[in-house]
Number of protein chains: 2
Amino acid sequence: MEEKTIIAALSALAQESRLRIFRLLVTAGPAGIPAGQIAEELAIPANTLSFHLSHLKNAGLVAARRDGRSLIYSAEYDHAKAVIDYLTENCCSRQPCCQ
Amino acid sequence: MEEKTIIAALSALAQESRLRIFRLLVTAGPAGIPAGQIAEELAIPANTLSFHLSHLKNAGLVAARRDGRSLIYSAEYDHAKAVIDYLTENCCSRQPCCQ
DNA sequence: TCCATATTTCTAGAATGACAGAACAATTAT
DNA sequence: ATAATTGTTCTGTCATTCTAGAAATATGGA
């Protein structure tokens, strides 16, 4: 996984609203939540939410699918896991130490 | 773990130089690396490195100990793991779905 | 077709962050 | 003491990010 990809994901999550959005979607599971409902639950104006959602989407952390007038967002678990794994990859490879 | 703590850690890592520093320290293990050697390996000016290291330290991701004139930095594995765990906590709790 | 609903894009101002030069602080050796 | 080494803090500049108002786009219903 590329460094730029990781940085995009981390900076996407390093912001209060976006971290809350992502965690909300993680708890929601694959079914996801429509944008309007996210805006309501987190009390974020629609346009501001859209800005944050596109940030998360560019980072590959969420996906969107259309259902009628609604756009339903859901977490991209695999991508999130890949980011997480990158952080501790090659742990202690310079020295024999921890497990 | 508090939201602010998580955001501090994520934004600390969401930057090219700091991500490289952190990964370098992760590979180094508990023994750590002196600041000067980090600066040399990553080709970062001493004062700029210091700026980034203090950012990582404030976020709880690295620790520093003095050895003579050198300050030796090392990764704080437990804190990093706690941040990582936070991201996927309560996965799918709103619906029965994935494991 | 015309309107309401759901969401995004455009825009601009305010706030925050990165960077490196210069000065400062701490430690060790002579 | 004085000087050399190792890092940090101070400073200002430039760039990026957050936020929300207003306008635009897409879908579905009357």
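The values are calculated or read from the model by the stated rules, or taken from the named source; none is laboratory data. Treat the numbers as computed from the prediction; the structure is a model and nothing was measured. Neighbour counts are summed over all protein chains in view; Cβ atoms, including those assigned to glycine, are modelled from backbone coordinates with ideal geometry.
Structural remarks
- A:R23 vs. criteria under 30 Å from B:E41 (Cβ atoms), within 8 Å of chain B (Cβ to nearest Cβ) and either under 15 Å from the mean Cα position of the chain (by Cα) or basic (K, R) (or both): no
- Flag if A:T48 is under 22 Å from B:T88 (Cβ atoms), more than 9 Å from chain B (Cβ to nearest Cβ) and of a type in the set (S, T, Y): no
- Within segment B:46-91, being among the basic types (K, R), without any contact (Cβ under 8 Å) to a residue 24 or more places away in the chain and over 12 Å from B:M1 (Cβ atoms) holds for B:K57, B:R66, B:R69.
- Criterion: out of contact with any Lys or Arg (no Cβ under 7 Å at 6 or more places or on another chain) and surrounded by 13 or more Cβ atoms within 10 Å (Cβ to Cβ) - qualifying residue of A:I72, A:I44: A:I44
- Test for B:T88: is it within 11 Å of DNA strand C (Cβ to nearest atom) and more than 12 Å from the chain's Cα centre (by Cα): no
- Candidate set: segment A:47-69, residues that are basic (K, R) and near DNA strand C (Cβ under 10 Å from one of its atoms); chosen: the one surrounded by the fewest Cβ atoms within 10 Å (Cβ to Cβ): A:R69
- Selection of segment B:75-95 for residues being touching a strand residue (DSSP E or B) at 6+ places or on another chain (Cβ under 8 Å) and among the charged types (D, E, K, R) yields only B:E76.
- Residue selected from segment A:32-43 under the condition near DNA strand C (Cβ under 10 Å from one of its atoms) and not polar (S, T, N, Q), by the criterion nearest to the other protein chains (Cβ to nearest Cβ): A:I33
- Residue in segment A:1-14 that is nearest to A:E41 (Cα to Cα), counting only those that are more than 7 Å from every other protein chain (Cβ to nearest Cβ) and in contact (Cβ under 8 Å) with a residue 24 or more places away in the chain: A:A12
- Check on B:S93, of a type in the set (S, T, Y) and at pLDDT 95 or above: no
Quick grid of which residues meet (1) away from DNA strand D (no atom under 16 Å from the Cβ); (2) within 14 Å of chain B (Cβ to nearest Cβ); (3) under 23 Å from A:A8 (Cβ atoms):
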residue: A:S54; (1), (2), (3): no, no, yes
residue: A:L61; (1), (2), (3): no, yes, yes
residue: A:S70; (1), (2), (3): no, no, no
residue: A:S74; (1), (2), (3): yes, yes, yes
residue: A:D78; (1), (2), (3): yes, yes, yes
residue: A:N90; (1), (2), (3): yes, yes, yes
